[in-house]
Amino acid sequence: MYASSFSPADIDDLYLWYDFSGENSTITKDGSDRISEITNGEGSTNLDMLQTTGSRQPLWLSASLNGLDTADLAGGRIMQTDDAGSNVPSVPQPTTYFFVTYVPASTGERWLWDRGTGWGLNYDDSRQNCGKSNNTTWFTDGGTTSLASTGQWSYITTIFNGTSGLMRQDGVLQASGMSTGARKISAGTIGNFSGDEHQLQTWNEEIAEILLYSRALSTAEIEQVEEYLSDRWGL
């Protein structure tokens, strides 16, 4: 088990925090360990993630990674904000994401993160997507970079910032100067496209934690968060 006095909330502009261990988010699940809701650890209730269909609800896994709980998205399970019925603000670039997840080794596209549903804005103007295409992790507008490793647990850092986006895996820079366009993010969908129409492109693996900051973090701040994630999840 990790031991740390640092919290991601110690860094300014933390916008989303989904922690599937349940320590920093509240998990709602049924007697079959199917998760119907995870709250945003930053407190904005219209950014809580939901899933009402039982067969699509992530499965809660007790103490599955470094003594902490995670969620399994296998079988096309996803979660989404209820932005069809609430006012989810759009966040412009730059933004900084951190994901702790098992990275699929399978070929083909696998989507980990996309915008939410129900938005009246142009779809391509309100999405920042993160996922994997064959053996690459990619940003919006198709910018790609090779992943160091697949088929393992990793912590992944991405910055969306016009023509200066970057991607890191397990604390190692994989690419910089990535083109991420100018898209905003209206959060969000975990595990697939926001439209949920591509059943063969679901992430289909375990997920532990997601952080989103509404600005580009400095290198020192990134390293702080990455050290926290590495220590906490034993990676």
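The values are calculated or read from the model by the stated rules, or taken from the named source; none is laboratory data. Only a predicted model underlies this, so the values are computations on that prediction, with no experimental measurement involved. Every residue, glycine among them, receives a Cβ derived from its backbone with ideal geometry; neighbour counts consider all protein chains shown. Remember, those area values only see protein heavy atoms, side chains included, never the ligands or the DNA or RNA. Shrake-Rupley method; radii C 1.70, N 1.55, O 1.52, S 1.80 Å.
Laid out as a table, the results:
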{"quantity": "For segment 202-235 versus segment 12-70, the gap between their alpha-carbon centres in whole angstrom", "calculated": "16"}
{"quantity": "Carbon and sulfur %, accessible surface of the chain computed with the full protein complex present, 1.4 Å", "calculated": "44"}
{"quantity": "Amide H contacts under 5 Å for T145, placed H, 5+ residues apart", "calculated": "T137"}
{"quantity": "Average accessible area per residue (Å²) across the chain - probe 1.4 Å, nucleic acids and ligands excluded", "calculated": "38"}
{"quantity": "Over the chain: helical MRE at 222 nm, DSSP H runs n ≥ 4 each giving -39500 (n - 2.57), nearest 500", "calculated": "-2000 deg cm²/dmol"}
{"quantity": "Added length on full extension, which subtracts the Cα-Cα distance from 0.36 nm per residue, E223 to N135", "calculated": "29.2 nm"}
{"quantity": "Dipole of the chain, positive end: most advanced residue of T101, Y18, L211 [Cβ charges, Cα centre]", "calculated": "T101"}
{"quantity": "Placed amide H near G188: partners under 5 Å, 5+ positions off or other chain", "calculated": "T81, G116, T117"}
{"quantity": "Relative contact order computed over the chain (Cα-Cα under 8 Å; 6+ residues apart), in percent", "calculated": "27"}
{"quantity": "Estimated Rh, the chain: Kirkwood, alpha-carbon pairs, angstrom", "calculated": "17.4"}
{"quantity": "Ranked order, V88, V172 - accessible area, probe 1.4 Å, largest first", "calculated": "V172, V88"}
{"quantity": "For a label point 7 Å along the Cα-to-beta-carbon line of F6, residues of segment 142-171 with backbone N under 17 Å", "calculated": "155-158, 168-171"}
{"quantity": "Nonlocal amide H pairs with Q174, under 5 Å, H built at 1.01 Å", "calculated": "M167, R168, Q169"}
{"quantity": "Sequence ranges 40-53, 146-159, 182-195, ranked by mean other-Cβ count within 10 angstrom, highest first", "calculated": "182-195, 146-159, 40-53"}
{"quantity": "S90 paired with D13, simple spin-label distance in nm, labels 7 Å along Cα-to-beta-carbon", "calculated": "1.9"}
